[in-house]
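Mind looking over this structure? Questions follow.
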Amino acid sequence: MIHPSETLALQTVEDFLTRDELIRLRKFMDDELHTTGWVPHFEAEVLPAPPLAQEILGQAVTRALPAIRRAIPSIASAAPWGYTELTAGQRVPTHLDGIPDPGPIACRLGRIGVVLDEPEAGGEFYVETTSSDQVWTGEHVGGLQGFLPGTPLAHRNPHAPLPEVHRHDSEPAWLTSSSRTRWTTDAGPGTAIAYGAHLIHGVRPVRTGRLRKFVTDLLTGSDH
């Protein structure tokens, strides 16, 4: 049974990517961006990582699963990875991804991100905790979905897949009405941050330079 605490967990993996893997991933992404000409159309738009990058990141997940499972034991795999970047003045506003389809197979129970290159200033990842009732929908899941009976579900404010849909440029009322405490990380390149799908989080504005990172969902089973 998936415990409610797993949806709010936080775990770092300091050696998620080796120095050699970081060098290779930078080359792969530089080549991909040069070939495709991709630039983000809005803050935190995600580009699918190319196959060679997916291979390295997939191997890193396999190595890191024992550490991730100390905090989120129901995690079985990760979805395909995406690449994103932020430049000066850009940020990822505070949001909560949520669990769109609770169930024992391929359910998004969390997220994971790892920095490829950090900016000169700003761009720190943060999480927020709260005792407010406002973030919860009042809905509950249980044994049929593989969760401990009575597990609450939070509202969802996930990343936008397309530019014409919500881009996190404003917070929903259920979030702005909640008193919260912020915890800011200093995780640098190669350190992964895994967190439950009900954990509020965001990225502070980049002041100078460029933030480059990979992100994906953590799943209760394989999505393949």
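If the elastic network links every pair of Cα atoms under 10 Å, which of H201, H41, H95 fluctuates the most in the Gaussian network model of the chain?
Highest fluctuation among the options: H41.
Mind checking the dipole of the chain: about its Cα centre, +1 per Lys or Arg Cβ, -1 per Asp or Glu Cβ, Debye to the nearest 20?
300 debye
Out of residues 5 or more away from A88 or on other chains, whose amide H comes under 5 Å of its own, with H placed 1.01 Å from N in the peptide plane?
Amide H neighbours of A88, under 5 Å, 5+ apart: G209.
When the chain is modelled as a GNM with alpha-carbon springs shorter than 10 Å, which of T181, T137, T151 fluctuates the most?
T181
Moving to a separate point now. State the label only: which of [x] -0.36, -1.14; [y] -0.35, -1.30; [z] -0.47, -1.12 corresponds to log10 I(q)/I(0) by the Debye sum over Cα atoms at q = 0.09, 0.17 Å⁻¹ computed from the shown model?
Identified label for the calculated read-out: [y].
Something else about it: Build a GNM of the chain with springs between Cα atoms under 10 Å: which of L175, L144, L22 gets the top mean-square fluctuation?
Result for the chain, Cα springs under 10 Å: L144 fluctuates most.
If you stretched the chain out fully between R69 and L52, how much longer would it get, using 0.36 nm times the residue separation minus the C-alpha to C-alpha distance?
Taking 0.36 nm per residue and subtracting the Cα distance, the gain is 3.6 nm.
For the chain, with all protein chains present and a 1.4 Å probe, just round the carbon and sulfur fraction of the accessible area to a whole percent.
About 53 percent, which is the carbon plus sulfur part of the accessible surface.
Can you give me the angle between helix 19-36 and the longest principal axis of the chain, using Cα atoms only, in degrees from 0 to 90, rounded to the nearest 10?
80 degrees
Non-local amide H neighbours of I99 (under 5 Å, H modeled in plane, Pro and chain starts lacking H): which ones?
Excluding prolines and chain starts, which carry no amide H, the hits are A154.
For the full complex of protein chains and a 1.4 angstrom probe, list F16, F28 by accessible area with the highest value first.
F28, F16
Further, regarding this structure: Rounded to the nearest Å, what's the spacing between the alpha carbon centres of segment 83-157 and segment 1-56? Just the number, please.
Between the Cα centre of segment 83-157 and that of segment 1-56, the gap is 17 Å.
If W174, W136, W81, W183 are ordered by their accessible area, calculated over protein heavy atoms with a 1.4 Å probe, which sequence runs from highest to lowest?
W183, W136, W174, W81
Does segment 1-119 come out rounded, prolate or oblate by the C-alpha gyration tensor, with a ≥ b ≥ c the root eigenvalues, rounded set by a/c under 1.5 and, if not, prolate when a/b is larger than b/c and oblate if not?
Prolate is the answer for segment 1-119, as a/c is 1.5 or above and a/b outweighs b/c.
How much accessible surface area, in Å² rounded to 10, belongs to the heavy atoms of F147 with a 1.4 Å probe?
0 Å²
Hey, what number do you get for the chain at 222 nm if only DSSP H runs of n ≥ 4 count, each worth -39500 (n - 2.57), divided across all residues, to the nearest 500?
On the way: 3 runs with 43 residues, N = 224.
Here the helix-only value at 222 nm equals -6000 deg cm²/dmol.
What's the angle, to the nearest 10 degrees (0 to 90), between helix 51-71's Cα axis and the longest principal axis of the chain?
In the chain, helix 51-71 runs at an angle near 40 degrees to the longest axis.
Give the accessible surface of segment 15-82 per residue, rounded to a whole number of Å², with probe radius 1.4 Å and ligands, DNA and RNA excluded.
53 Å²
Here's a follow-up. Fully extended, how many nm does the chain gain between T18 and T137 (0.36 nm per residue separation, minus their Cα-Cα distance)?
38.8 nm
Report the net charge of residues surrounding P152, where surrounding means a beta-carbon distance below 15 angstrom and charges are Lys +1, Arg +1, Asp -1, Glu -1.
Working: positive: R156; negative: E6, D133, E139.
Taking every other residue near P152 into account, the sum is -2.
The values are calculated or read from the model by the stated rules, or taken from the named source; none is laboratory data. Every value quoted in this text rests on a predicted model; they were computed, and no experiment measured them. Reconstructed Cβ throughout: ideal geometry from the backbone, glycine too, with neighbour counts over all protein chains shown. Only protein heavy atoms, including side chains, enter the accessible area calculation; ligands, DNA and RNA are left aside. Shrake-Rupley method; radii C 1.70, N 1.55, O 1.52, S 1.80 Å.
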